[in-house]
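Data block below; observations after.
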Amino acid sequence: MPTKVVIIGGSVGGVSTAVALRKAGCDVTVLERAATIVATTGAGLGLDPKTCAALTRLGLRDIFEECSQPIPIEEYRWIDHATKSAISLIKNDKHLHRSMHWSDLHRLLIQALPEGAVNFSHKVVLLQQSESGVTITAETPNGEKKYHGDIVIAADGVGSFARKQLVPGDERRYAGMVAWRGVCDGNAHPELLAELKADFKTLGDGIIFDIADRCMNLIYMIPGNRINWLWYRDAPEPKLGSHSVTIRPTTEDMQKLYRDAENTWTPAFVKLIKTSKAPFMNVIYDKDPITQWVFGRVALMGEAAHPTTPHGSRSTNMPIQDADCLGRCFEAQPHDPVAALHKYAEERIRQTTKEVLFSRHVGEVRQGHWFDPVKFDWPSQTPQIKSLLLNGKQTEPDYKKCATELLGNIQTIGKGQSVLATDREQ
């Protein structure tokens, strides 16, 4: 008989795991607490070459390529605060990523599963293990329901119910910033799109990052001639009233966002923010990496296993790569699901630990948490410093150590002004 798997969480990580394990011959059921996931949920995302290869192995290459587009260029610019003009710092023409909308990716994964595989409005409230399997109790609109699986995969995000049961006292870490996100229809606003392309010269082929005073934005195109944007801002930790880390802003929030944008970004980007319908805010958390993901017959994956900040596009890429790894491990050990779980964890923990810490540290550097971005003279820095600080990769043996040493070696600029954040006037 096929291994019966119950997956907690029906976001991209959960449904990609369902596709991978069905391909490996498992009988899969997905439980998702949300009532539905609408077509406009989320915003754009960038998928790296490993994730594209994983989706190909899942048999989704053709439809995935139809729903995405290449973004082969990565560019970083510095915004002069006084003039609101941009100075290009570095450009990488070997980016090899693809862009698409989150909801398009989620939809194609759902469509790869049989009808009824994903059960919405199922909030898991109890997890019970025995030697023979795991029983899950879920609250539904029709009362409690129980599901039994040979194993359980917890793909229920940064606020994972399963992780709270298995790793007590494990608190998430607020990253000190939020991400405002939005998508604008370029077909409905051709004049704005032309203005943006005049400002962001590589828009259409690239992802462009603008660095300003303790904040950063990015912009790129996604299929359908849509313009995706994101603005990382330092902020006190907002109060969240639900499982979600997404906040829908008030009119007052939006008016403040517009005023702050006018004081920070180029006029074209300000107009993009004001034109976009229904921007929203993500509160950014991660957790310190842990060394155990498998607990008996229950395994963590995705944001439940390795919550990360979104810098470096890790939040979506890592869960899909987890799913691909799970599928390969179950194909290799079809009659021993627990051994397959341990093999998956062995393969993924070391890699994701590096990526979580890289994302944390590179986000702090780009955000100006390690040095003063007002005093830092980006244009005069060497290519080595620009490259490491702005687009250093998780392949660095120790990104934090390298970046700290470089910044420590830049003692002063101008008339004796320190660039190190620790030396700021309080």
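Odds and ends about this structure:
- On Cα atoms only, tilt of 314-332 relative to the major axis of the chain in degrees: 30
- Under 19 Å from residue 256, Cα to Cα: lysines that are on another chain or at least 8 residues apart: 84, 239, 271, 274, 277
- Projecting label points 7 angstrom from Cα along Cα→Cβ for residue 290 and residue 81 puts them 4.1 nm apart.
- Think of region 172-290 as a dipole: +1 on every Lys or Arg Cβ, -1 on every Asp or Glu Cβ, centred on the Cα centre; then among 198, 225, 282, 282 lies furthest on the positive end.
- Three-way shape label, region 81-142, alpha-carbon gyration tensor, a/c 1.5: prolate
- Simple label model, 7 Å out from Cα along Cβ direction - residue 258 to residue 125, nm: 4.4
- Stretch gain in nm, segment residue 239-residue 251, where the contour uses 0.36 nm per residue and the Cα spacing is subtracted: 2.6 nm
- Dividing the mean sequence gap of close Cα pairs (under 8 Å, 6+ apart) by how many residues the chain holds gives a relative contact order of 19 percent.
- The orientation-averaged projected area of the convex hull spanned by the Cα atoms of region 223-277 comes to 5.2 nm².
- Computed lengthening from residue 164 to residue 198, 0.36 nm per intervening residue step minus Cα-Cα distance: 7.4 nm
- Nearest-20 debye value, the chain charge dipole, Cβ charges on Lys, Arg, Asp, Glu: 100
- Residue-averaged [θ]222 nm for the chain, counting only DSSP H segments that reach four residues, each worth -39500 (n - 2.57): -10500 deg cm²/dmol
- Once the Cβ-Cβ distance of residue 132 and residue 401 is raised to the sixth power relative to R0 = 45 Å, the FRET efficiency obtained is 0.45.
- With each label modelled as a point 7 angstrom along the Cα→C-beta vector, the residue 35-residue 144 pair spans 2.4 nm.
- Once the Cα gyration tensor of the chain is diagonalised, semi-axes √(5λ) in Å: 38, 24, 20
- Taking a sphere under 12 Å around the Cβ of residue 183 and counting the other residues whose Cβ falls inside, with K and R at +1 and D and E at -1, yields a net charge of +1.
- Calculated P(r) of region 294-358 - Cα pairs past 20 Å, %: 25
- Across all Cα pairs in region 1-127, the calculated P(r) in 5 Å bins from zero up to the longest distance comes to 2, 9, 16, 17, 15, 12, 9, 6, 5, 4, 2, 1, 0, 0 percent per bin.
- Separation between Cα centres of region 68-122 and region 171-230, rounded to whole Å: 10
- Applying a DSSP loop filter and a limit of 15 other Cβ atoms within 10 Å to the GluC sites (Glu not before Pro) in region 33-126 leaves 115.
Read-outs: derived from the displayed coordinates by stated rules, not from any lab. Just so it is clear, the structure is predicted and the values come from calculations on it, not from any experiment. Quick reminder, even Gly has a Cβ in these numbers, built from the backbone with ideal geometry, and neighbours come from all protein chains shown.
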